[in-house]
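> Input: one structure, supplied below.
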Amino acid sequence: MIPERSYAKLNLTLDVTGLLPGGYHAVRGIMQSTDFGDEIVIVPGEGEWLAESNLKYLPTGSGNLAVRAALLFKEATGKGPEGGLIKIDKRIPVCGGLAGGSGNAAAVLRAMNREFDGGLNEEELRKLGEKLGSDIPFCISGGTMLAEGRGEILTPLPPLPDCGIVICRPNFASSTPELFAAVDKLKVKMRPDTDGMIAALEAKDLEGVARRVFNIFEAALPRRQAAMVAETRGALLDQGSLGACMSGTGSAVFGIFADYAAAANAHAALSEQGILCFLCRPK
């Protein structure tokens with residue numbers, strides 16, 4: 001059995017800057033990994049690759065990104081077993097904008113490369129993961145990164161200063177294709193200050209980072225979903241968050257707190273209000 005951890009991703013800033021060849025949207029923003037995530041166990045075997053998880057509605061075959069990652073690794077390197085079982089203890093909310101599925105695939109690629117002598121360095125592993133999804137290269141490396149292109153062009157940044165983070169999950173699931181289509185029609189009034197956030201990271205200025213968290217997709221949400229995100233952000237700010245915004249295309253909303261103790265207090269208070277939330281640190 002091969003254990004591996006899969007970590008949730010946050011978008012500290014996220015902007016859509018145009019269109020790329022092939023119809024893909026060009027994005028620019030800062031991604032941050034956290035120490036909150038799923039537990040993965042790979043059990044090598046014979047036959048086909050399958051996945052199982054504590055969420056019975058998730059695909060078990062090639063519809064699961066983790067399974068596709070195992071198949072891709074075998075195809076690309078010729079290393080590892082022909083089949084096996086990928087056990088996933090899902091903690092990251094599905095359809096939350098937290099790269100849960102991408103993180104699972106990245107964890108499988110990292111583990112198989114390590115355990116079966118794949119011989120791929122980190123950049124080669126990211127290039128392989130890019131074939132499965134734009135978030136997977138970041139999920140392979142983690143940390144604090146400027147993401148450009150489709151999200152796969154990564155530039156390491158100074159780490160987010162030590163802090164506490166609370167992630168809340170409003171009760172809706174958004175459609176990524178529909179939100180990209182809605183962004184195309186937006187008359188954009190505000191864009192994230194990504195360069196300013198990079199300067200704040202370089203200065204180790206946590207408050208400066210938190211003030212600049214911004215996600216252009218919030219403006220593209222349908223009215224009811226936008227109201228739920230705004231309400232969740234307000235709840236985080238009421239509990240002392242230095243800044244809060246939605247991650248990815250939603251629906252998760254995160255708040256950055258001055259320290260872990262403040263985040264823990266907020267997590268307890270929000271949980272008592274019946275809000276689904278998770279406590280973590282940057283990783």
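The values are calculated or read from the model by the stated rules, or taken from the named source; none is laboratory data. Small disclaimer: the values here were computed from a predicted structure and weren't measured. For neighbour counting, all protein chains shown are included, and Cβ atoms are generated from backbone atoms with ideal geometry for every residue, glycine included.
> Go through the stretch 210-244 and report how many residues are among the small types (Gly, Ala, Ser) and within 17 Å of LYS187 (Cβ to Cβ).
Looking only at the stretch 210-244, we keep the residues that are among the small types (Gly, Ala, Ser), and these are 210, 219-220, 226-227, 230, 234-235, 240-241, 243-244.
From what is left, the residues that are within 17 Å of LYS187 (Cβ to Cβ) are 219-220, 226.
Selection size over the stretch 210-244: 3.
> Sort out which residues of the stretch 213-239 are under 27 Å from ALA268 (Cβ atoms) and outside any helix (DSSP H, G or I), and write them in order of number.
VAL213, ASN215, GLN239
> Residue check: is ARG150 assigned to a loop (DSSP other than H, G, I, E, B), at pLDDT below 95 and touching an Asp or Glu at 6+ places or on another chain (Cβ under 6 Å)? Break it down into steps so the answer makes sense when it comes.
Working: assigned to a loop (DSSP other than H, G, I, E, B): yes; at pLDDT below 95: yes; touching an Asp or Glu at 6+ places or on another chain (Cβ under 6 Å): no.
Spelling it out, it is not the case that ARG150 is assigned to a loop (DSSP other than H, G, I, E, B), at pLDDT below 95 and touching an Asp or Glu at 6+ places or on another chain (Cβ under 6 Å).
> For LEU98, are the conditions met, namely being assigned by TED's automatic domain parsing to the domain that holds LYS131 and either more than 16 Å from the chain's Cα centre (by Cα) or in a strand (DSSP E or B) (or both)?
Spelling it out, it is not the case that LEU98 is assigned by TED's automatic domain parsing to the domain that holds LYS131 and either more than 16 Å from the chain's Cα centre (by Cα) or in a strand (DSSP E or B) (or both).
> Now for a different question. Looking at ALA51, ALA106 in this structure, which one is under 24 Å from LEU154 (Cβ atoms) and of a type in the set (A, V, I, L, M)?
ALA106
> I've got another one for you. Mind checking which residues of the stretch 175-192 are surrounded by 11 or more Cβ atoms within 10 Å (Cβ to Cβ) and either among the polar types (S, T, N, Q) or outside any helix (DSSP H, G or I) (or both)?
Passing the criteria: SER175, THR176, LEU186, VAL188, ARG191, PRO192.
> Just one of ALA219, ALA269, ALA230 is more than 19 Å from ARG91 (Cβ to Cβ), surrounded by fewer than 21 Cβ atoms within 10 Å (Cβ to Cβ) and modelled with pLDDT under 95; which is it?
Numbers: ALA269 fails: modelled with pLDDT under 95; ALA230 fails: modelled with pLDDT under 95.
Exactly one of ALA219, ALA269, ALA230 is more than 19 Å from ARG91 (Cβ to Cβ), surrounded by fewer than 21 Cβ atoms within 10 Å (Cβ to Cβ) and modelled with pLDDT under 95, namely ALA219.
> Only one of GLU48, GLU39 is out of contact with any Ser or Thr (no Cβ under 6 Å at 6 or more places or on another chain), among the acidic types (Asp, Glu), outside the structural domain of MET190 (by TED's automatic domain parsing) and over 30 Å from HIS267 (Cα atoms). Can you tell me which?
Values: GLU39 fails: over 30 Å from HIS267 (Cα atoms).
Among GLU48, GLU39, only GLU48 is out of contact with any Ser or Thr (no Cβ under 6 Å at 6 or more places or on another chain), among the acidic types (Asp, Glu), outside the structural domain of MET190 (by TED's automatic domain parsing) and over 30 Å from HIS267 (Cα atoms).
> Does ALA210 fit the bill of being buried (at least 22 other Cβ atoms within 10 Å of the Cβ) and in the same structural domain as PHE36 (by TED's automatic domain parsing)? Full working, then the answer.
Working: buried (at least 22 other Cβ atoms within 10 Å of the Cβ): yes; in the same structural domain as PHE36 (by TED's automatic domain parsing): no.
For ALA210, the condition - buried (at least 22 other Cβ atoms within 10 Å of the Cβ) and in the same structural domain as PHE36 (by TED's automatic domain parsing) - is not met.
> Right, something else. Would you check if GLY23 is over 20 Å from LYS127 (Cβ atoms) and modelled with pLDDT of 95 or more? Walk me through it before giving the result.
Working: over 20 Å from LYS127 (Cβ atoms): yes; modelled with pLDDT of 95 or more: no.
Answer is no for this residue.
> Which of the residues spanning the stretch 214-232 are small (Gly, Ala, Ser), out of contact with any helix residue (DSSP H, G or I) (no Cβ under 6 Å at 6 or more places or on another chain) and in contact (Cβ under 8 Å) with a residue 24 or more places away in the chain? Walk me through it before giving the result.
Quick first cut of the stretch 214-232, residues small (Gly, Ala, Ser) only: 219-220, 226-227, 230.
Going one step further and asking which of them are out of contact with any helix residue (DSSP H, G or I) (no Cβ under 6 Å at 6 or more places or on another chain), we end up with 219, 226-227, 230.
Matches in the stretch 214-232: ALA219 only.
> Out of the residues in the stretch 117-145 that are closer than 28 Å to VAL213 by Cβ and outside any helix (DSSP H, G or I), state the one that is nearest to the chain's Cα centre (by Cα).
The initial filter retains those residues of the stretch 117-145 that are closer than 28 Å to VAL213 by Cβ, namely 122, 126, 129-130, 132-145.
Add one more test, that the residue is outside any helix (DSSP H, G or I), and what stays is 132-135, 142-145.
Details: LEU132: 15, GLY133: 12, SER134: 11, ASP135: 7, GLY142: 10, GLY143: 11, THR144: 12, MET145: 12 Å.
Looking at residues that are closer than 28 Å to VAL213 by Cβ and outside any helix (DSSP H, G or I), I get ASP135.
> Against the condition touching a residue at least 40 places away in the same chain (Cβ under 8 Å), farther than 26 Å from LYS283 by Cα, in a strand (DSSP E or B) and not charged (D, E, K, R), how does VAL43 come out, does it pass?
Working: touching a residue at least 40 places away in the same chain (Cβ under 8 Å): yes; farther than 26 Å from LYS283 by Cα: yes; in a strand (DSSP E or B): yes; not charged (D, E, K, R): yes.
Spelling it out, VAL43 is indeed touching a residue at least 40 places away in the same chain (Cβ under 8 Å), farther than 26 Å from LYS283 by Cα, in a strand (DSSP E or B) and not charged (D, E, K, R).
> Residues in the stretch 14-38 that are among the hydrophobic types (A, V, I, L, M, F, W, C), surrounded by 15 or more Cβ atoms within 10 Å (Cβ to Cβ) and either free of Cβ contacts under 8 Å to residues at least 60 places away in the same chain or in contact with a Cys (Cβ under 8 Å, 6 or more places away or on another chain) (or both): how many? Break it down into steps so the answer makes sense when it comes.
Taking the stretch 14-38 as the starting set, the residues that turn out to be among the hydrophobic types (A, V, I, L, M, F, W, C) are 14, 16, 19-20, 26-27, 30-31, 36.
Adding the requirement that they be surrounded by 15 or more Cβ atoms within 10 Å (Cβ to Cβ) leaves 14, 16, 26-27, 30-31, 36.
Filter once more, so that each one left must be either free of Cβ contacts under 8 Å to residues at least 60 places away in the same chain or in contact with a Cys (Cβ under 8 Å, 6 or more places away or on another chain) (or both): 36.
Residues in the stretch 14-38 being among the hydrophobic types (A, V, I, L, M, F, W, C), surrounded by 15 or more Cβ atoms within 10 Å (Cβ to Cβ) and either free of Cβ contacts under 8 Å to residues at least 60 places away in the same chain or in contact with a Cys (Cβ under 8 Å, 6 or more places away or on another chain) (or both): 1 in total.
> How many of the residues making up the stretch 158-181 are touching a residue at least 40 places away in the same chain (Cβ under 8 Å), out of contact with any Lys or Arg (no Cβ under 8 Å at 6 or more places or on another chain) and over 17 Å from SER247 (Cβ atoms)?
Adding up the residues that qualify gives 1.
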